[in-house]
Structures are given as C-alpha cells and as structure tokens.
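The values are calculated or read from the model by the stated rules, or taken from the named source; none is laboratory data. It should be emphasised that the depicted structure is a prediction, and the values quoted were computed from it without experimental measurement. Backbone-built Cβ (ideal geometry, glycine too); neighbour counts: all protein chains shown.
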Amino acid sequence: EADIYQTPRYLVIGTGKKITLECSQTMGHDKMYWYQQDPGMELHLIHYSYGVNSTEKGDLSSESTVSRIRTEHFPLTLESARPSHTSQYLCASSESGIGTYEQYFGPGTRLTVT
Amino acid sequence: DQQVKQNSPSLSVQEGRISILNCDYTNSMFDYFLWYKKYPAEGPTFLISISSIKDKNEDGRFTVFLNKSAKHLSLHIVPSQPGDSAVYFCAASAFGSGNTPLVFGKGTRLSVIA
C-alpha cells in the first residue's frame, strides 16, 4: 500500500498570494515528482527529484519552485498565485533501481486562484 | 506534440462485457508502458504494466497487449464491473535510455453500465 500524502486537498486563494503545496511519503522512495492536470487533459510533469538536494524541471514550463531537503518531503511553492495556476496538482514517488518503475500518487491538491 | 495518445475520450460498456481501452505512442525509445486508473478527486492508482520485451501481461481481470510494430497498446478488462468506471491513463517511459519520467496520455473515461 502506497503512503503518500498531500495537503491541502483543496485550496481557494486570491491572486498574488504565496502558497506552498505539501507532499510527503513514508516509503523511503528516492524519486519524487510533481504533475499538473487540467480536466480532460494528460498529466504534465512540472518538477522531479531523484534524491535529496536534486531537483529538475519537467516538460511543462511552470512558475512554481520545489525543494528536496529531506527524502520524504517534496514541497511545491508558488510565489505569486495567478488564475492561470488553477489546476489539480499531483505528487508521486517511486523507488530507484532496475525493475521498479511504478509511480505511486498522492490524492492531489485542487487549487483555485480567484 | 503528444507522444502518448488516447484517441477515445470516453467509452461505455455493459456490465459483464469486455472493455478495451487503446493507446498509441510515437516515441520508439519508449520501452515500458503502464496503465493507471483515476477516480474523481483522487490520485491515479497503478493498474498494470508491460515491458517492451513482452507482448502480453495479465493480472486477474486486466490484460495489457503491446504491438511494438504498430506502436500500440491496449488494456482489456474482462468482465467489466461498475466499480471499473473511472478515467484510465496510459503512460510510457524510456527507462533503457536512462530517462525515467513518465509521459501520460489524456485518458479515457470508462463507464460500466449495470
């Protein structure tokens, strides 16, 4: 059973506010990911990390930033939220090593910027 | 340019019958394919996967078929149950080339009618 948590589950916030979406996993996975998904669309990778102090940008350009100071924690920050940031944000993690390719997803954060 | 395509946005099937969800890909470097299931307001959950060295993988009611020459894979669910109603995402990765992030399709919404 995958144990990956995201908070908050839902967030409605005004334009210009700074927000941090939290993601934690208790499986000791080295690899963690952030995806953005709009209704009816594919999941777009926006950030990923292969270990502590390692972060990379994904395929979709994003104004968000991430940090990976601890293995279990991978928060995503938006310095100044805009209505275009309204979306669902999904965090995932996976093991390292050969033959371990499945990613386990958290429940997601539904963000609405007014 | 979409590398993973799910051309049917929705599919309706009667309970007990077979559901067939299709996925096409364009990147010949993809060597691992996964299917995820997603309920509303939840994160995707891993269903089944297949390596490019195989052409079929079966797990209970779920079977994935891979046709490398056609760059096509399909997920068969037999028999379909009302609890299978969800959005199904196809995902692919080029693990052999060291690139592990997954590329997702837009999903197919399956409705199983009792």
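Numbers at a glance
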read-out	value
Evaluation of B:Asn67 against (1) at pLDDT 95 or above; (2) touching a Lys or Arg at 6+ places or on another chain (Cβ under 7 Å) (one fails), failing number	(2)
Enumeration of residues in segment B:27-37 that are surrounded by 13 or more Cβ atoms within 10 Å (Cβ to Cβ) and either in a loop (DSSP other than H, G, I, E, B) or not basic (Lys, Arg) (or both)	B:Asn27, B:Met29, B:Phe30, B:Asp31, B:Tyr32, B:Phe33, B:Leu34, B:Trp35, B:Tyr36
Answer from A:Tyr10, A:Tyr5 - the residue that is aromatic (Phe, Trp, Tyr) and touching a Gly at 6+ places or on another chain (Cβ under 8 Å)	A:Tyr5
Answer residue from segment B:38-66, given it is outside any strand (DSSP E or B) and of a type in the set (Gly, Ala, Ser) and is nearest to B:Pro79 (Cα to Cα) among those	B:Gly60
Residue within segment A:74-81 that is among the small types (Gly, Ala, Ser) and over 20 Å from B:Phe104 (Cβ atoms) present	yes
Boolean, A:Thr15 is more than 9 Å from chain B (Cβ to nearest Cβ), part of a strand (DSSP E or B), among the polar types (S, T, N, Q) and surrounded by fewer than 14 Cβ atoms within 10 Å (Cβ to Cβ)	no
Residue, surrounded by the fewest Cβ atoms within 10 Å (Cβ to Cβ), within segment B:71-114, restricted to residues that are under 16 Å from B:Gln14 (Cβ atoms) and hydroxyl-bearing (Ser, Thr, Tyr)	B:Ser111
Of residues in segment A:20-51 being part of a loop (DSSP other than H, G, I, E, B) and over 16 Å from A:Arg110 (Cα atoms), the one modelled with the highest pLDDT	A:Thr26
Test: residue in segment A:28-42 that is more than 17 Å from A:Thr112 (Cα to Cα), surrounded by 20 or more Cβ atoms within 10 Å (Cβ to Cβ), within 11 Å of chain B (Cβ to nearest Cβ) and without any contact (Cβ under 8 Å) to a residue 40 or more places away in the chain	yes
Tabulated pairs, segment B:102-113, first assigned to a strand (DSSP E or B), second of a type in the set (D, E, K, R), C-beta under 6 angstrom, 6+ apart or interchain	B:Phe104/A:Glu42; B:Val112/B:Glu15; B:Val112/B:Asp84
Residue pairs meeting the criteria (Cβ under 7 Å; at least 6 apart or on separate chains; first in contact (Cβ under 8 Å) with a residue 12 or more places away in the chain, in segment A:56-78; second surrounded by 16 or more Cβ atoms within 10 Å (Cβ to Cβ) and among the basic types (Lys, Arg))	A:Phe74/A:Arg68
